[in-house]
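The values are calculated or read from the model by the stated rules, or taken from the named source; none is laboratory data. Since the structure is predicted, the reported quantities are computational estimates derived from the model, not experimental observations. With ideal geometry, Cβ positions are generated from the backbone for all residues, glycine too; neighbour counts draw on all protein chains shown.
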Amino acid sequence: MIPSSSSFAAHRRIRRRERGPHRQVFVCGVRERGLTLVELIVTVAILGILASAAIPVARFQVKRQNERMLRYDLWTMRDAIDKYKDAADKGAFQTKVDSQNYPPDLETLVNGVDVQGKKLKFLRRIPVDPMTGKAEWGLRSMQDDPDSTSYGGQSVFDVYSKSQGTALDGTKYATW
């Protein structure tokens, strides 16, 4: 005997409920599992908002990383200048009288100086300024003013970035 359509639908509903509430299927007006268009639009909108909030954070991370690299590069070059001066003060090699035992340029720190037949190098290479992307640095000699942007050319007492940008803390990179 074939059951009537109403008892068949009720029978299917009961059978589906026995398997679990999430698997309920109606014979009239089939309902399937999945996402509606509205649910997809809401999901994409939420993901877009979260992504747009993450972009400024990523920009700050990149800028902060470049600032760390700039501080490290400045520290490395200043340390090499100090080591050169210490060695010259101890009489390890001769320097110009008016240089006050500071190196004549950054290339001298990379190329090194002869000390008792051996080459003494103070810097492996001139680092690239992370703010400008070039291996060009501002130089100051002892005769220059502390905040001078023009180099007198006598000797290298200090280095600074040629970038005109502003750091996250509000200071100019050239003043570091």
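Values for this structure:
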quantity: Test: GLU107 is at pLDDT 90 or above and under 24 Å from GLN65 (Cα atoms); calculated: no
quantity: Of all residues in the range 88-126 being of a type in the set (D, E, K, R) and part of a loop (DSSP other than H, G, I, E, B), the one that is nearest to GLY138 (Cα to Cα); calculated: ASP105
quantity: Per-region count, the range 113-148, residues of a type outside the set (A, V, I, L, M, F, W, C), touching a strand residue (DSSP E or B) at 6+ places or on another chain (Cβ under 8 Å) and touching a residue at least 24 places away in the same chain (Cβ under 8 Å); calculated: 1
quantity: Tally of residues being assigned to a loop (DSSP other than H, G, I, E, B) and within 23 Å of the chain's Cα centre (by Cα) across the range 127-148; calculated: 11
quantity: Residue satisfying condition, being surrounded by fewer than 19 Cβ atoms within 10 Å (Cβ to Cβ), aliphatic (A, V, I, L, M) and over 28 Å from GLY91 (Cα atoms), within set VAL115, VAL128; calculated: VAL128
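Yes/no per residue for (1) among the acidic types (Asp, Glu); (2) without any contact (Cβ under 8 Å) to a residue 40 or more places away in the chain:
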position	(1), (2)
LEU40	no, yes
LEU50	no, yes
ILE55	no, yes
VAL62	no, yes
ARG68	no, yes
THR76	no, no
ILE81	no, no
ASP86	yes, yes
VAL97	no, yes
